[in-house]
Amino acid sequence: MAISTKIFFSESNNPWFNLAYEEQLVQEVAPDEIYLYLWQNQHTVVIGKHQNPWREVLLSELEAEGGKLARRLSGGGAVYHDLGNLNFTFVMNRDHEDLHRQLKVIVDGLKVLGIEASFSGRNDILAEGRKFSGNAFYYGRENYYHHGTILVDVDMTKLGRYLNVSMKKLNAKGVQSVKSRVINLKEINSEITIDKVKAALAAAFEAEYGTASEHVYISERTVSGSAQKRHEHYASWEWRIGRTPEFDVTLEEKFEWGEVVFNFKLRGAVIEESAVYSDAMTTDLVDLLQGIFDGKRMMREELVDAVKAVKGKSDASIDAMLDDIANWLDEQPI
């Protein structure tokens, strides 16, 4: 199948609009198309689909200083965006998914700018051993996107101040602070700019996938389609924060593939309401776990059986995660 390509540049810095347009692209991309979308948000913390904002973000401080909270469709953890950061999104049919080729675009593009980059771990890109890019993924029924950040000249003081990184995550990584784990590309090449990175990524994308049939510049004034309606959804309190009841019991653990938090509201010894949060790369895991504990007694055996009951409803990688969770729950003093 011959592939055609397009590159989209957002001229908006509004995270709710940019995420809505990203969703529109993943709905519209044809089976024979691959898109690259480049966009920026101003003064924003973006959390993964299944994260608890109260746990991940110092929300009152962010909003008091004029910042925005956004929630994306993909999994993964919380990230800080300002105009010193560039976001990229690869959009395509799931049949064309090739993480190696997609990351090659980032690595090749930055190499032209004097940055030697490498992929590491479950979702990071490193330079000089430090993270400058985190990646996450969204899978629709037919189409897919892979998106990530590129820290060029981000305000590290705000990044460290707004992100309420749990001690379990820090201990697992053996580090003392957010700042020690990340790097701005400007520290490596003082001449680098966002515009230079955009041009380098666009050129590398065309070298890998073919010359783009179109370079499309979009903004809130020029876009029509689902993004206009979805903008309201992404901006809504219900999507970004939602109802967060008080919980009586919290269980949490950090696995190799991500962190999981279970919150249980009890009536007597029965779980009346539950919520599941995770920064796992795949959103399918939490989608399977939501609601499975409601009505169960707060007993180890019932929790373990509820997890085992949803095995086989996704792929082998999810089943392996469910096994990890079941084994962990089986060791809890409940």
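Computed values, structure above
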{"read-out": "Karplus-derived HN-Hα couplings along the range 81-91 (A = 6.51, B = -1.76, C = 1.60, θ = phi - 60°), whole Hz, x at Gly and Pro", "value": "10, 9, 6, x, 10, 10, 9, 10, 9, 9, 10"}
{"read-out": "Highest-MSF residue in the chain out of GLN40, GLN290, GLN51 [GNM, Cα springs under 10 Å]", "value": "GLN290"}
{"read-out": "Selection of GluC sites (Glu not before Pro), the range 241-295, meeting DSSP coil and at most 16 other Cβ within 10 Å", "value": "GLU246, GLU256"}
{"read-out": "Helix-only [θ]222 nm of the chain, DSSP H runs n ≥ 4, -39500 (n - 2.57) each, per residue, nearest 500", "value": "-9500 deg cm²/dmol"}
{"read-out": "Which of ILE334, ILE188, ILE325, ILE106 has the fewest Cβ neighbours within 10 Å, and the rest in rising order", "value": "ILE334, ILE188, ILE325, ILE106"}
{"read-out": "Backbone HN-Hα couplings from phi across the range 249-260 [Karplus 6.51/-1.76/1.60, Hz, Gly and Pro as x]", "value": "9, 10, 10, 9, 8, 9, 9, 4, 9, x, 9, 10"}
{"read-out": "Greater than 26 Å apart at Cα, pairs in LYS131/LYS311; LYS131/LYS313; LYS6/LYS104; LYS68/LYS111; LYS254/LYS296", "value": "LYS131/LYS311; LYS131/LYS313; LYS68/LYS111"}
{"read-out": "Footprinting exposure proxy for ILE218, ILE34 (fewest neighbouring C-beta atoms within 10 Å first)", "value": "ILE218, ILE34"}
{"read-out": "Of the GluC sites (Glu not before Pro) in the range 2-42, those whose Cβ has at most 15 other Cβ within 10 Å and which sit in DSSP loop", "value": "GLU11"}
{"read-out": "The range 201-272 versus the range 88-114: alpha-carbon centroid distance in Å", "value": "21 Å"}
{"read-out": "Mean Cα-pair separation over length for the chain, i.e. relative contact order, pairs under 8 Å, 6 or more apart, %", "value": "20 percent"}
{"read-out": "Restricting the range 196-243 to trypsin sites (Lys or Arg not before Pro) in coil, as DSSP defines it, with at most 13 other Cβ within 10 Å", "value": "ARG221, ARG243"}
{"read-out": "Likely footprinting exposure, LEU185, LEU38, fewest C-beta neighbours within 10 Å first", "value": "LEU38, LEU185"}
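Laboratory data are not the source of any read-out in this text; all were calculated from the coordinates shown. Values in this document were obtained by computation on a predicted structure and should not be read as measured data. Every residue, glycine as well, gets a Cβ built from its backbone with ideal geometry; the counts of neighbours run over all protein chains shown.
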